[in-house]
Amino acid sequence: MPEVPVAKTSQIEELKPFVVKTADGRKIGIYKFKGKYYAYENVCAHEGGPAVEGVFVGHNTCEFDPVSGKRLKEYFSTEKYDIICPWHGIQYDLETGVCTGDSRMELTSYEVVIDGEDVKVKL
Ligand code: FES
């Protein structure tokens, strides 16, 4: 698979999605989280919506009382983040691209290669 330069490392900030369009017309969202890079095609597995152009938030997390089952606390995680498709709100785990509600759905992912200042994706 060819490694295609899509950005410079200086253009991609931690927790700020960066969307690029490749020469063959693919739109790809590049993410940096905890120093690691992720790349996903801008096509939602649900109905083809522009998933990487949606909101990007901390994973909504709940803690429950193990005895009563009562919800104790709900918060947005700072350890896990989700990409949320703007069309119908399907959420994908940033680090895997897998839908958080239905693991049968996932975003098409690309391996990211850092080559000096260049951010490349394997297409
Ligand atoms: S097309 Fe993305 S949630 Fe429906």
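What follows is calculated from the coordinates using simple rules that are stated; it is not laboratory data. Quick caveat, the model's predicted, so the values are computed rather than measured. Neighbour counts are summed over all protein chains in view; Cβ atoms, including those assigned to glycine, are modelled from backbone coordinates with ideal geometry.
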Inset, instruction - Measure off 7 Å from each Cα along the Cα-to-Cβ vector at K8 and K70, then give the distance between these two points in nanometres to one decimal. - result: 5.7 nm
Inset, instruction - Please grab the % of Cα pairs in the range 3-122 that end up more than 22 Å from each other. - result: 37 percent
Inset, instruction - Go through 98-107, 31-40 and give me the packing order, highest mean Cβ count within 10 Å leading. - result: 31-40, 98-107
Inset, instruction - With an 8 Å cut-off on Cα pairs and a minimum separation of 6 or more residues, tell me the relative contact order of the chain in percent. - result: 27 percent
Legend entry - Local electrostatic count, L15, Cβ distance below 14 Å [Lys/Arg +1, Asp/Glu -1]: 0
Legend entry - Order by protection proxy (mean Cβ within 10 Å, highest first), peptides 9-19, 75-85: 75-85, 9-19
Inset, instruction - Can you check what the net charge comes to around G35, using other residues whose Cβ is under 15 Å from the Cβ of G35 (Lys, Arg +1; Asp, Glu -1)? - result: 0
Legend entry - 17 Å cut-off, amide nitrogen to a point 7 angstrom out along K21 Cα→Cβ, residues in the range 42-57: 42-43, 50-54
Legend entry - Total formal charge among the other residues, if their Cβ is under 14 angstrom from that of T61, Lys/Arg +1 and Asp/Glu -1: -2
Inset, instruction - Starting from the Cα of S77, step 7 Å toward the Cβ, then list every residue of the range 95-119 with an amide N under 18 Å from that point. - result: 95-107
